[in-house]
Amino acid sequence: MLSAVARAKEIWQRFRASRWYRTVELGILTTSFALMFYALAKNLSKVDLSAFQFNVGSFLIAVVLTWIAVWLGAISWAQVLQAIQPEVSQATSVRSHMLSITTKYLPGFGWQQVSKVVQLKREPMPLQITVSAAIVEFILVIFTGLATATRIFLTTRQEIFGFVIPGDFAAGFELMLWVACLVLPLCWILFQLKPFSPGMSAISYSWHMLMTIIIQVLGWLFFGAGLWFACYSIYPVDISLLPYFAMSLILSVVIGILVIVAPNGLGVRELTMSTFLQVYIPLPVGVVVSLMSRFILILAEILAVLPFILMRYLHNPKHKEN
């Protein structure tokens with residue numbers, strides 16, 4: 001097993017050093033943008049612009065809700081670090097998350113998580129633990145997203161995107177996901193953290209990891225509500241459809257994350273979201289809303305990250321000298 005891992009690592013390093021790596025990166029970006037442009041070009045001619053009435057208030061609410069979701073993501077990462085290393089301040093943890101956001105738009109797997117690890121290299125944590133923290137947080141994001149979407153479905157007790165799913169099956173799937181969310185931190189502390197921090201407080205650790213899960217769920221809910229307001233800002237949609245918009249957002253983002261070759265699910269997320277939304281709104285409108293959602297996310301991320309970039313710029317001695 002170890003030899004296979006070493007062999008795979010060697011192959012990957014050779015590939016990274018070859019001229020084909022940049023070609024593949026360019027190909028991935030081109031494919032991602034092509035997916036978006038294809039969906040837009042195919043459906044734009046069907047869009048009835050007279051049906052659109054832009055509502056500035058709803059658009060701003062969508063931006064604010066997404067901005068809150070971005071911040072909740074940063075706070076959940078801070079909780080993970082607080083669980084394993086209380087000496088790392090929350091400000092440092094949040095900053096490492098915020099400054100890593102831009103890297104997720106680069107081609108390649110896990111660049112945002114790698115960026116977090118790099119920015120925390122000066123903190124009193126073994127590199128192995130920092131890396132595992134980034135992996136655990138990444139997996140929890142996926143599990144809490146799927147569990148939240150399943151809970152929304154069970155609460156509405158109706159069809160999901162035109163499909164009838166047995167309630168017992170959905171309840172069992174939700175239970176499995178929540179158990180996985182709780183078992184993952186338990187396995188982490190038992191099999192990896194204890195050797196590095198034998199005196200770690202189990203109570204404090206459990207509390208912070210539980211808060212991580214709760215904050216991530218809240219983040220998904222705010223993010224999903226933001227999608228509904230994004231749609232409402234251009235197209236009349238009933239408030240009763242908000243749960244389905246939240247499920248569409250969660251599932252499309254998770255699918256975009258899992259399609260690791262696409263930077264931040266670019267193209268894949270928009271295509272998936274518009275496909276889910278066409279059950280409740282016209283497909284051309286769903287395509288526009290999915291692209292709006294991407295624009296709103298980028299805008300919210302810029303607003304969240306900008307203060308940290310400015311602080312880094314102002315506190316850099318080289319810039320002060322200039």
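The values are calculated or read from the model by the stated rules, or taken from the named source; none is laboratory data. All values derive from a computational prediction rather than experimental measurement. Cβ coordinates were reconstructed from backbone atoms using ideal geometry, including for glycine residues, and neighbour counts include every protein chain displayed.
Just a few scattered comments:
- Only one of the listed residues (Leu210, Leu242, Leu249, Leu218) is at pLDDT 90 or above and either in contact with a Ser or Thr (Cβ under 8 Å, 6 or more places away or on another chain) or crowded, with 24+ Cβ neighbours inside 10 Å (or both). That residue is Leu249.
- Any hit, region 113-123, residues being more than 30 Å from Ala170 (Cβ to Cβ), modelled with pLDDT of 85 or more and not aromatic (Phe, Trp, Tyr): no
- Residue within region 46-53 that is within 30 Å of Pro185 (Cα to Cα), at pLDDT 65 or above and not basic (Lys, Arg) present: no
- Matching entry among Ile142, Ile135 (being modelled with pLDDT of 85 or more and closer than 14 Å to Val217 by Cβ): Ile142
- Residues (touching a helix residue (DSSP H, G or I) at 6+ places or on another chain (Cβ under 8 Å) and either over 17 Å from Leu81 (Cβ atoms) or at pLDDT below 90 (or both)) located in region 185-204: Trp188, Ile189, Gln192, Leu193, Phe196, Ser197, Met200, Ala202, Ser204
- Residue pairs meeting the criteria (Cβ under 8 Å; at least 6 apart or on separate chains; first on the phi > 0 side of the Ramachandran plot and in a helix (DSSP H, G or I), in region 250-278; second modelled with pLDDT under 85 and among the aromatic types (Phe, Trp, Tyr)): Asn264/Tyr105
- Filtering region 66-104 to residues that are without any contact (Cβ under 8 Å) to a residue 24 or more places away in the chain, farther than 15 Å from Val118 by Cα and crowded, with 22+ Cβ neighbours inside 10 Å leaves only Ala78.
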